[in-house]
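Here the structure comes first, spelled out in structure tokens, and everything after it is commentary.
What follows draws every value from the coordinates through simple rules; no lab data is involved. Remember, it's a predicted structure, so these values are computed and weren't measured experimentally. Neighbour counts are summed over all protein chains in view; Cβ atoms, including those assigned to glycine, are modelled from backbone coordinates with ideal geometry.
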Amino acid sequence: MKRYQQNIRRVVPYVPGDQPDFPDMIKLNTNENPYPPAPAVQEVLSKSQAEQMRLYPDPTAHQLNAAIAKVYGVEESQVFTGVGSDDVLAMIFQTFFNSELPILFPDITYAFYPVWCDLFRIPYEVQPLNEKLEIVPEDYFKENGGIVFPNPNAPTGIAMPAAEIERILQHNPESLVVIDEAYVDFGGESVLPLLNKYDNLMVVQTFSKSRSMAGERIGFAIGSPELIRALHDVKYSFNSYTMNRSALAAGTASVEDQAYLEEITAKIVATRERSKTVLREMGFQFPDSKSNFLFVTHPDCNAHELFEALREAHIFVRWFDAPRVRDYLRITIGTDAQMDALFDFLRKYLGK
Ligand code: PMP
């Protein structure tokens, strides 16, 4: 092997869900929102974006950060935006998880966390979920280099009450606790109100799910001005212009229409609750999800075979080839019509 080949940084990347493109497909595999983004987003994008493209975007993302700060009741100095919450989380890992101690996260959770640890050479230790697939707060009461988990957790959909997260914060005054609230708008309890009490808390959210803007790539973190300043310093040392002009404009338009967000998340929650009843009747079992997906298993069928059969029918769901979850499928909540097509398939498949 040549020296330059020996010097290649080798990593095992995160594998995102498939992005198939069939006209007749029912796509329930990557937790996207089945409804369009807010009407104002569509107006902003069709206006003068192409004309403006020759100019660099605002590196401070001022307009978007100010809009986010206003809606969430914080100062603009407490907001950091990035290219999806993946970008924000990667910056957080790089900026804050620099101790020799392992950071802690659940064994079953967002699969990107261990990938960033490997990339940035951050030691980590996974904490097993209990037999009900719940995060056990006491597992996070030991010495650590930081804590991160989604709430609701992914792919289980189980939400932890804010009071439990507060117990974790109380036991960790020396650690940064990062709560990834990617799915919180579908019924979880946000810990944003705890920011007034805990300077070591950072909350991350995304426009990809509840705001129906996965393709635009917008995520944000809210924390103390000191921590947000540190994140900006790392960002500006890496790439000043992470957020492009259309994302800044479209993101601002979305945040300014909270009523629309509430309307479409209520629709998805209603479809989710109906889906729980129908799937339970078919014999599926699942934890009580507060997110826009269900994590289901069936005692009479092999999850991987069902996944393949669904794929043949152009119904896409997610199956993880990983310990403890091989018998499960993660099904994103689509429109009522999409879910009905899925249920028809499942009834036939199960012979019910
Ligand atoms: N956190 C969790 C728990 C997720 O499931 C996802 C979606 N893959 C993300 C963060 C990242 O989403 P995005 O980069 O689209 O904001």
Check your understanding: Want the number for residue 343 to residue 282: 0.36 nm per residue separation, take away the alpha-carbon distance, what's left?
Key -> 21.1 nm
Review point. Can you give the extra length, in nm with one decimal, that the chain gains between residue 170 and residue 297 once fully stretched, where that is 0.36 nm per residue apart less the Cα-Cα distance?
Key: 42.2 nm
**Study point:** Using a Förster distance of 22 Å, the FRET efficiency for residue 1-residue 118 (Cβ separation, nearest 0.05)
**Key:** 0.55
Review point. Who wins for biggest fluctuation among 209, 132, 276 in a Gaussian network model of the chain, springs between alpha carbons below 10 Å?
Key: 132
Point to revise | Diffusion coefficient, µm² s⁻¹, Stokes-Einstein with Kirkwood Rh over alpha-carbon pairs of the chain at 37 °C and 0.692 mPa s | key: 154 µm²/s
Check your understanding: Which number gives the lysine pairs in the chain that have C-alpha atoms under 22 Å apart and are eight or more places apart or on different chains?
Key -> 18
**Study point:** Rounded FRET efficiency, nearest 0.05, which uses the C-beta distance separating residue 141 from residue 236 and R0 of 25 Å
**Key:** 0.10
Point to revise | Gain on full stretching of the segment that runs from residue 162 to residue 256 - 0.36 nm per residue minus C-alpha separation | key: 31.2 nm
Exercise for review: Could you sort 84-91, 15-22, 54-61, 328-335 so that the peptide with the highest average Cβ count within 10 Å comes first and the rest follow in order?
Suggested key: 328-335, 84-91, 54-61, 15-22
Revision key, fill the gap. Note on the stretch 55-256: contact order normalised by length, alpha-carbon pairs under 8 Å, 6 or more apart, percent, works out to 29 percent
Study note, to complete from the structure: For residue 321, placing the label point 7 angstrom along Cα-to-beta-carbon and taking the stretch 11-50, residues whose amide nitrogen sits under 13 Å are 15
Study note, to complete from the structure: Taking 282-290, 228-236 and ranking on average Cβ neighbours within 10 Å, highest first, one gets 282-290, 228-236
Practice item. Using the charge dipole of the chain (Lys, Arg: +1 at Cβ; Asp, Glu: -1 at Cβ; taken about the Cα centre), state which of 40, 55, 191 has its Cα farthest towards the positive end. Key: 55
Point to revise | Distance-filtered residues of the stretch 327-349 - backbone nitrogen under 19 Å, label point 7 angstrom along residue 311 Cα→Cβ | key: 327-332, 342, 345-346, 349
Practice item. Please name whichever of 204, 150, 171 sits farthest to the positive end of the charge dipole of the stretch 55-256, dipole taken about the Cα centre and charges placed at Cβ: Lys and Arg +1, Asp and Glu -1. Key: 204
Check your understanding: How many angstrom separate the Cα center of the stretch 308-338 from the Cα center of the stretch 9-77?
Key -> 24 Å
